[in-house]
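First, the structure itself, so that you have it in front of you.
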Amino acid sequence: MDHRSLVLLGLLMAQSQHGYQINEFIENNLGMITDMKKPTAYATLDKLSKQGYIEVRMEQEGNRPPRKVYSINENGKKYFYELLYDNLSSAETVHYHGDLGLMFMDHLPLDKALEALQTRLHRNHNLLSALKQTPSHKKATAVDLAIKHKIKMAEAEITFLESTIEDFSMKNKVNNVN
């Protein structure tokens, strides 16, 4: 699945844009959905252009340097719909980097492991709070749906962490009694 192309073509479905607009939108509005960086976005736009999915034209305003304006074409729309369908219908394994720590947690003293899990729980509460403060996109209900999914995932992580901390706290109490 080419997630980067899906993001960029999806943004171009709304309107033609120059690279700065696209990157600014990603940075300001999609940070919770994608971690795409500017160099990656520009490289992907270049690739999409070479593959014949987008058109690029130069535009100049006043004394500013010329800039590229990207527009999706009919081939790009077809490709976008293919990517969108594939993405919406996929069942995927989500890889949480934090699961690596869980795998090796037995190598820490239990009190240190619990301390780390408490910190992770606190950070997830902060993440959930930030997600819940994301303003509604009203007209773009699908954007709201993506945020709602992130909220549900954060809530599930919090529930998991609270349960895990409780289980290991009980284990810690038993170990301290013996």
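Name the residue, out of His122, His149, His107, that is under 28 Å from Leu84 (Cβ atoms), free of Cβ contacts under 8 Å to residues at least 12 places away in the same chain and of a type outside the set (Asp, Glu).
So the residue among His122, His149, His107 that is under 28 Å from Leu84 (Cβ atoms), free of Cβ contacts under 8 Å to residues at least 12 places away in the same chain and of a type outside the set (Asp, Glu) is His149.
Tyr81 fails exactly one of the following numbered conditions: (1) exposed (fewer than 12 other Cβ atoms within 10 Å of the Cβ); (2) farther than 30 Å from Ala156 by Cα. What is the number of that condition?
In the conditions (1) exposed (fewer than 12 other Cβ atoms within 10 Å of the Cβ); (2) farther than 30 Å from Ala156 by Cα, Tyr81 misses (1) alone.
Out of segment 30-46, which residues are in contact (Cβ under 8 Å) with a residue 12 or more places away in the chain and part of a helix (DSSP H, G or I)?
Passing the criteria: Lys38, Thr40, Ala41, Tyr42, Thr44, Leu45.
Hey, another quick one. Looking for something in a helix (DSSP H, G or I), within 17 Å of the chain's Cα centre (by Cα) and farther than 14 Å from Leu8 by Cβ - is there at least one such residue anywhere in segment 65-75?
no
Let me spell it out: the conditions are (1) surrounded by 12 or more Cβ atoms within 10 Å (Cβ to Cβ); (2) not assigned by TED's automatic domain parsing to the domain that holds Arg120, and Gly62 meets all of them except one. Which number is the exception?
Against the list (1) surrounded by 12 or more Cβ atoms within 10 Å (Cβ to Cβ); (2) not assigned by TED's automatic domain parsing to the domain that holds Arg120, Gly62 comes up short only on (1).
Can you tell which of Leu88, Leu11 is assigned to a helix (DSSP H, G or I) and in contact with a helix residue (DSSP H, G or I) (Cβ under 7 Å, 6 or more places away or on another chain)?
On inspection, the qualifying residue turns out to be Leu11.
Output the qualifying pairs, or none if there are none: Cβ atoms under 9 angstrom, residues six or more apart or on different chains, first residue in segment 90-101 and in the same structural domain as Phe160 (by TED's automatic domain parsing) and among the charged types (D, E, K, R), second residue surrounded by fewer than 10 Cβ atoms within 10 Å (Cβ to Cβ) and not in a helix (DSSP H, G or I).
Pairs that qualify, where the first residue is in the same structural domain as Phe160 (by TED's automatic domain parsing) and among the charged types (D, E, K, R) and the partner is surrounded by fewer than 10 Cβ atoms within 10 Å (Cβ to Cβ) and not in a helix (DSSP H, G or I): there are none.
Another question, then. Which of (1) more than 30 Å from Ser5 (Cα to Cα); (2) at pLDDT below 90 does Leu110 not meet, given it meets every other one?
Checking Leu110 against (1) more than 30 Å from Ser5 (Cα to Cα); (2) at pLDDT below 90, the one that fails is (2).
In this structure, does Arg57 turn out to be in a strand (DSSP E or B), exposed (fewer than 13 other Cβ atoms within 10 Å of the Cβ) and either touching a residue at least 24 places away in the same chain (Cβ under 8 Å) or not acidic (Asp, Glu) (or both)?
yes
Restricting segment 91-132 to residues that are of a type in the set (D, E, K, R) and under 16 Å from the mean Cα position of the chain (by Cα), which is surrounded by the fewest Cβ atoms within 10 Å (Cβ to Cβ)?
Glu92
Further, regarding this structure: Return the total of residues in segment 134-146 being more than 19 Å from Leu84 (Cβ to Cβ) and either free of Cβ contacts under 8 Å to residues at least 12 places away in the same chain or small (Gly, Ala, Ser) (or both).
The total comes to 3.
The values are calculated or read from the model by the stated rules, or taken from the named source; none is laboratory data. As the structure is a prediction and not an experimental result, all values here were calculated from the model. FYI the Cβ positions are ideal-geometry reconstructions off the backbone, even for glycines, and counts take in every protein chain you see.
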